[in-house]
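Visitor: Dumping the structure here so I can ask a few things about it.
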Amino acid sequence: MNILLVHAHPEPRSLNGSLKRFIVDRLESQGHAVQVSDLYAMGWKATLDGADRLDREPDARFDPAMDSRHAFVHGTQSEDIAREQDKLRRADALILQFPLWWFSMPAILKGWVERVYANGFGYGVGEHSDARWGDRYGEGSLAGKRAMLVVTAGGWESHYGPRGINGPIDDLLFPIQHGILYYPGFDVLTPHVVYRTGKMDPARFAATCETLGRRLDTLFSTPPLPFRRQNGGDYAIPELGLRPELAPGRTGFGIHLADAQPASVLHVAQPGNEQGAEREQDRARRHEAQAAAHAEGLAQ
Ligand code: FAD
């Protein structure tokens, strides 16, 4: 398989630098081909601006989304952007590897996402109408590929636990996992987080690599997180709120994961999936009955 590793750390002799070398060696030893985008080493330009569209009139007002679309469609994107898009097209899996800086990814990596995910490639894909809100969240240009985060954090695991002071790690990473990876179609795996990096020593580094190695060995067999598909029936379109009968009474990031009961992934009506289509019809009938009962209640 072909794997793209996007690495964001300025120092090759860092812990992240060591982990990068481990990741590449491990994946190659398993027979995979690995492309590495080492953003600092490449001198990656982090800011999205008018220079990203090569045929732009210098005095024209810069529109980040529309200029991006024009450049993508007409082949006038800055070469560094087009090169990274080609790496993504070739990849079967993407690994984003970075230290947690201010509860998120380093700016250089955010800039990679902002520039490489051009309008028409990372977003703005598919039909946008009152009936369909684009190919995203489970569909899109990068559908069929897998993605995983490898993150290091200075804080302890308990600081990022369900009641930890920093907030739960799944919540902090949700904008990346769901907003950046699932949005353009990736199947997203549970993130791999190495905590308390200040306490690293050779023995712990060996144990860290052992655990990470197992994650890499199962990169293509681990079931992805069951994020709900936007166009699978769980969300009303165009409002895009989760239907009230799903995760009733709950709010927050967790509701976008299908739970054991009405898992959206199980009853998406797809061609040739008559059982799924039947369940979809049942649900539609139930919605109608609920809406009628609700309207009746209001009228009384
Ligand atoms: P390094 O500093 O290079 O190394 C960490 C330790 O590992 C060192 O003791 C080093 O000697 C050892 N080490 C390195 N390589 C090896 C090896 N091969 N074998 C054995 N030991 C090794 N943390 C949070 O939890 N939340 C935040 O929001 C956050 N924000 C931050 C913001 C900024 C701007 C910065 C600079 C740090 C922040 N941190 C935060 C801490 C940060 O996440 C950690 O410093 C980082 O993850 C450590 O990774 P590193 O590659 O820089 O490690």
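Visitor: What distance in nm lies between label points placed 7 Å from Cα along the C-beta direction at residue 210 and residue 25?
Guide: Between residue 210 and residue 25, the simple spin-label model gives 1.6 nm.
Visitor: Can you give the calculated 222 nm mean residue ellipticity of the chain, where each DSSP H run of n ≥ 4 adds -39,500 (n - 2.57) and the sum is split over every residue, rounded to the nearest 500 deg cm²/dmol? Write down the numbers at each step before the final one.
Guide: Working: 8 runs with 100 residues, N = 300.
The helix contribution divided over the chain gives -10500 deg cm²/dmol.
Visitor: Let me ask you something else. So for each of 206-216, 5-15, 51-61 I average, over its residues, the number of other beta carbons within 10 Å; can you give me the resulting order with the highest mean first?
Guide: Details: 206-216: 14.7, 5-15: 17.9, 51-61: 12.2.
Going by the mean number of other Cβ atoms within 10 Å, highest first, we get 5-15, 206-216, 51-61.
Visitor: Student exercise: in the chain, how many lysine pairs 8 or more apart or on different chains have Cα atoms under 22 Å apart?
Guide: 10
Visitor: In whole Hz, with x marking every Gly and Pro, tabulate ³J(HN,Hα) for segment 72-84 from phi via Karplus 6.51 cos²θ - 1.76 cosθ + 1.60, θ = phi - 60°.
Guide: 5, 5, 9, x, 10, 6, 4, 4, 5, 5, 4, 5, 5
Visitor: Of 209, 192, 182, which is farthest along the charge dipole of segment 140-215 in the positive direction, counting Lys and Arg as +1 and Asp and Glu as -1 at C-beta?
Guide: 209
Visitor: What distance in nm separates the simple spin-label points at residue 55 and residue 14, each placed 7 Å from Cα in the Cβ direction?
Guide: 3.9 nm
Visitor: Next question, about the same structure. Helix 15-29: angle to the longest alpha-carbon principal axis of the chain, degrees 0 to 90, nearest 10?
Guide: In the chain, helix 15-29 runs at an angle near 80 degrees to the longest axis.
Visitor: Turning to a different aspect of this structure: Report the local net charge at residue 238: Lys and Arg +1, Asp and Glu -1, summed over other residues whose C-beta lies under 14 Å from its C-beta.
Guide: Overall, the nearby charge balance is 0.
Visitor: Between segment 2-80 and segment 162-231, how many Å separate their Cα centres?
Guide: After rounding, the separation between the Cα centres reads 21 Å.
Visitor: Only Lys, Arg, Asp and Glu count, each charged at its Cβ (+1, +1, -1, -1), so figure out the dipole size of the chain about its Cα centre, rounded to 20 debye. Show your work: numbers first, answer last.
Guide: Values: 33 positive and 38 negative charges, 175 e Å.
For this selection, approximately 840 debye.
Visitor: Give, rounded to the nearest 20 debye, the magnitude of the charge dipole that segment 171-257 has about its Cα centre when Lys and Arg contribute +1 at Cβ and Asp and Glu contribute -1 at Cβ.
Guide: Numbers: 9 positive and 8 negative charges, 41 e Å.
Charge dipole of segment 171-257: 200 debye, to the nearest 20.
Visitor: Say each of residue 199 and residue 1 gets a label point 7 Å from the Cα, pointing the same way as Cα to Cβ; how far apart are those two points in nm?
Guide: It works out to 3.2 nm between the two label points.
Visitor: For the peptides 73-81, 238-246, what is the packing order when you average, over each peptide's residues, the other Cβ atoms within 10 Å and list the highest mean first? List each step's numbers first, then the result.
Guide: Values: 73-81: 15.0, 238-246: 13.2.
Sorting 73-81, 238-246 by mean packing, highest first, produces 73-81, 238-246.
Visitor: Say R0 is 41 Å: what FRET efficiency, to the nearest 0.05, do residue 63 and residue 103 get from their beta-carbon distance?
Guide: Values: r = 30 Å, r/R0 = 0.73.
E(calc), rounded to 0.05, equals 0.85.
Each value in this text was obtained by applying a stated rule to the coordinates, not by laboratory testing. Keep in mind that what you see is a predicted model, and the values were worked out from it rather than measured. Cβ coordinates were reconstructed from backbone atoms using ideal geometry, including for glycine residues, and neighbour counts include every protein chain displayed.
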